[in-house]
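The values are calculated or read from the model by the stated rules, or taken from the named source; none is laboratory data. It should be emphasised that the depicted structure is a prediction, and the values quoted were computed from it without experimental measurement. In this analysis, Cβ positions are derived from the backbone assuming ideal geometry, glycine residues included, and neighbour counts consider all displayed protein chains. Side chains are part of the model used for accessible areas, which takes the heavy atoms of the whole protein and leaves out ligands, DNA and RNA. Shrake-Rupley method; radii C 1.70, N 1.55, O 1.52, S 1.80 Å.
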Amino acid sequence: MDLNVLLKTLSLDEKIGQLMMVPPHLFIQSSDTELMGPLKALGISKADIFKTGSILGIGSAQEMIDVQTIYLESSRHKIPLIFMADIIHGYETIFPVPLGLASSFNEDLLEMVAQISAVEASTAGIQVTFAPMVDLVRDPRWGRVVESFGEDSYLAKRFAAAQVRGYQGDGVDKPENIAACVKHFAAYGLSEAGKDYNTVDLSRLNLFQNYLSGFKGAIDAGAKLVMTSFNIFEGMPATINKYLLQEVLRGSLNYKGTIISDYASLKETITHGVKSNEYEAAVAGVHAGLNIEMATALYIKNLKDAVENGDIIEEQIDALVMDVLKLKKECGLFDNPYKGASIEKEKQLVHADVHLDKALSVAQESIVLLKNRDLLPINNQTKIALIGRYANNPNMNGPWSWHGSKHLNNTLSDVFKKDMNLIYVNDGSNLDYEKLKAADVILIASGENEKDSGEAHSKANIKLPYNQEGFIKAVRDRTTQPIGLLLFNGRPLDLSNIVDDVDAIVECFFPGSMGAQAISNIILGKVNPSAKLTMSFPRSVGQIPVYYNHLPTGRPFHPHGEYTSFYLDLDHTPLFPFGYGLSYCSFKYDNFRCSNNRLKMNETLIVSVDVTNRSNRIGKEVIQLYVHDHFAEVSRPLKQLIDFKKVSFNPYETKTIEFIVTKDNLQYYDGNLNLRVDSGTFSLMVGPNSSDLQKLEFEFFKEV
Ligand code: GLC
C-alpha cells in the first residue's frame, strides 16, 4: 500500500475524518433516534461518522467485526478503522493495578502482563492500548496514582520500556500484539493538591529532570502513540502546547509517531480559557501537531474552513493524516482490517487458565509485607477468623479493569476456607466476639472501594475510610489474639493511627483476578513476599508531598537543629519509605565496595555488595543502588535510584551482587537543560530500601 498515493485520493473532508475518534455505538446503534443523541452532542452528521479514522473502546471481537464491516461497506476510501482502548493491567484476566505491579520490581513480570493483555485484547479486536501510564506521582490524594509506577523516574523509565516491549512484542503487525500509547504527556501527576484535572506548574528543569523519564523509556522502546494530558504546561494546555509537543516531544525526545488527545481535551482548551471557540481550538491543535482528536469533533467541523481561511494549510493536515495512515499500515490493517479479532480465539484465550496462573504469580510478587511482628506466615492448622469488608468481596480488580469479569474472582473467604482452618468469617457487621475469641489469629481484610481511586477519584483524606480505623481499634480493644491487616487500596494510605494496633500489615493494593489465592499463599508461607513500595506512605496527609529523592535544601533536618526543615508536630520521614518491603527471610548486607574510588569519563566502576539470606527458607531480595552528587550546577537529590536487582537466595546463601556504574548514571540536566556530568565527589548507597543504606564515596573526573 503506497500511502502517498492513497493520501492523494482522499478529499479534504476524508483526510480530516482520519483525525477523528468516536465511540463504537455510533455504528451499531439500531435506532437513528439514539444515534442522533450522541451525534447531536458531537455536532456531526451520520455521514461524518463514516469518515472517522478510529474507534474509542470496543467490547468484543463480534462488536469490532460488526463495526469494521459496517464502516467499510459504506466508506468510499475503504481505509480501515483502528480500534483503541484502555488495557491498563489486563483485558479480561486482570493483573495487579500498576502501583502494585511496579512493587514487584520485576521488569519481566511487567513485560509479561503487557504481553498477555495484548493477546487477550487483540483477539477482541483492539489494536492500540492507552498504556503504559508513566505519570510520576508524589501525591496520594490524586486518584490516578493507582495507574502509575510510583514516585521514581528511573523505575518509570525501565517499567515503561518493559510494558511497551510486552504490548508490541516482535511487531504490531502481528495478530497477538497491540500498539502502546504512552500517557499522559506531560506532568499530569503534579495536579495541584492531588485534585484530578487541576492546574500543573513546574519548571522546564523539573520536567526534563524527572517528568519526561517514563516517556523516554516508552519512546525509546518504540511506543507508537503518545497521549496528551488534560493539564496546562506554562499556562498552555498540553494538547495544543507547541513547546511540549514540538520542541520537547518531537525534538528532545525524537518522537516520530502519532499524538492523540485525551478525552475531549482539545475542546477543553476553551474551558481552560485559552481558546475562545472550537474553530480556534481546532486550528491550535493542528499547529501543535495533534494527530487524533479523541471523543470530540472540532477538527471535522472546522478544519475545512480553516484551510479555506488560510489559518492552516492542507499540507499540515496531510502530515497529520500520514502519521495515522502509517500507524494503520504498521498495525497490518490494510492487509487485514480485522487483524487479531477472532470470536473463536476470544473464547479460548480470554480469561484462560494459563493466563490466570500467570496472574497468580504476578499478584504474589506484587504484594508488599509492611509489618510482621512474628505473626506471618501461619500454618494451616491455626484457627483463623477472617473479618472486614473484603472478607467476602470479589471486587479486587481495581480501577481500569472495565472488561475484567470480577464476578469470577474468588473471595478471600472462598480461598481461606479451602486453604486454612477458617473458623469464623464476618464482613464487619455485628461481630460475634465469642466466635472471634475462639480464633488463634484474626485477619482483618480492609481497604478502599475500587472507586475510591482512579480517574476523577481524588481524596483529601487518605486514612482508611468507612470507619475501619474504629473497627480495627474496637477489635484490638476487645480481643487479645494477634491481628493481621490485609489492605486493598489504590493509593498510599495514612496508616499511622492503626499501625501499632496490628501485628502484621499485608499491602495487596488491588491484586486482580487471582488476588485472593495469592494472599492465601503468602499468609501460609507457600510464597515468600518480595515486593517493595514504589511510592512513599506518608504519616499524614499534611506531609504531602513526601518522597525519597528530595533535595538537601539549605537547612536539612537535624535532630538538634532548631532552624532546619521539619515539623513541630510530626516526624518528617514517611511511615513506610520508597523501596520498603519485608520478607519472611532476613537479609544481611556486607562488604559494600567498589573497584576504584576514582572514575574517569569513559571508565566503569564495578560496585559490589555481599548479601546473605540468614533464614532457612528461599527468598527474593530487591537490592537497590542509589547515588548522590555532592556538588553540581543545580541542587541534586540526596539519593536517586540508579539500579536495582531482584535476586533469589537459597537458605543461608550469600551472593555477591554487582552493579556497573558509568557516567551515564551520574548525568543530570542543568539550568539550560543541558545533560551533563561534572567532576567531583559522589556517594553510592546500597540497601533493601531507600532508608537503610550503606554508603561509599568516589571521585569522578570529567577529563578523559
Ligand atoms: C480518560 C483518561 C485516559 C484514557 C482516555 C480514554 O479520560 O484520562 O487515561 O486513556 O480517557 O478512555
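Brief remarks follow.
- Computed label-point distance, nm, for sites Asp318 and Lys40 using a 7 Å Cα→Cβ extension: 4.0
- Taking every DSSP bridge with both residues inside the stretch 169-290, close to 25 percent are antiparallel.
- For the stretch 310-334, backbone nitrogen atoms closer than 18 Å to the point 7 Å from Asn277 Cα along Cα-to-C-beta are found at 310-312.
- Residues listed by number, the stretch 239-259, amide nitrogen under 20 Å from Arg204 label point at 7 Å toward C-beta: 239-255
- Sites Lys326 and Arg555, calculated FRET efficiency, Cβ-Cβ separation with R0 56 Å, nearest 0.05: 0.55
- Radius of gyration (Cα atoms) of the stretch 1-136, expressed as a multiple of 2.2 N^0.38 Å: 1.24.
- The ellipsoid equivalent to the alpha-carbon distribution of the stretch 199-278 has semi-axes of 22, 15, 10 angstrom, derived from the gyration tensor eigenvalues as √(5λ) and listed largest first.
- Helix-only [θ]222 nm of the chain, DSSP H runs n ≥ 4, -39500 (n - 2.57) each, per residue, nearest 500: -8000 deg cm²/dmol
- With q set to 0.11, 0.18, 0.28 Å⁻¹, the log10 of I(q)/I(0) for the stretch 584-658, from the Debye formula over equal scatterers at the Cα positions, is -0.37, -0.81, -1.29.
- Burial ranking of peptide ranges 508-516, 123-131, 634-642 (average Cβ count within 10 Å, highest at the top): 508-516, 123-131, 634-642
- Fully extended contour minus Cα-Cα distance, from Asp220 to Asp353, at 0.36 nm per residue: 44.5 nm
- Cα-based Kirkwood hydrodynamic radius, the chain, one decimal, Å: 26.7
- If you wrap the stretch 578-704 in the convex hull of its Cα atoms and look at it from every side, the mean projected area works out to 7.6 nm².
- Per residue solvent-accessible surface (Å²) - the stretch 587-701, probe of 1.4 Å: 45
- Cα→Cβ-extended label distance, 7 Å offset, between Thr604 and Ser11, nm: 6.1
- Of the accessible area of the chain, computed with a 1.4 Å probe over protein heavy atoms only, carbon and sulfur atoms account for 49 percent.
- Spin-label model, Lys195/Asp571: points 7 Å from Cα along the beta carbon direction are separated by 3.3 nm.
- Ranked by solvent-accessible area (1.4 Å probe, protein heavy atoms only, all chains present), the residues Phe701, Phe644 order from largest to smallest as Phe701, Phe644.
- Full-extension gain in nm, Glu455 to His630, via 0.36 nm per residue minus C-alpha separation: 59.1 nm
- Each peptide in 209-221, 179-191 was scored by the mean count of other Cβ atoms within 10 Å over its residues; highest first, the order is 179-191, 209-221.
- Per residue accessible area in Å² of the stretch 299-384, where ligands, DNA and RNA are left out and the probe is 1.4 Å: 45
- Structural descriptor for the stretch 587-701: relative contact order 32 percent, calculated from alpha carbon pairs under 8 angstrom and at least 6 residues apart.
- Maximal additional length on extending the Gln381-Ser586 stretch stands at 71.3 nm, based on 0.36 nm per residue less the C-alpha distance.
- Lys, Arg +1 and Asp, Glu -1 on Cβ, resulting dipole of the chain about Cα centre, debye, nearest 20: 960
- Computed over the stretch 236-350, the convex hull of the alpha-carbon atoms projects to a mean area of 9.2 nm².
- For the stretch 191-251, the solvent-accessible area with a 1.4 angstrom probe is 33 square angstrom per residue.
- Pairwise FRET efficiency - Ile660 versus Asn467, Cβ, R0 = 51 Å, nearest 0.05: 0.50
- Residues in the stretch 413-448 that a label on Asn497 would reach, taking backbone N under 15 Å of a point 7 Å out along Cα→Cβ: 447-448
- Per-residue packing, averaged as other Cβ atoms within 10 Å, sorts the ranges 157-164, 592-599, 264-271 into the order 157-164, 264-271, 592-599, beginning with the highest.
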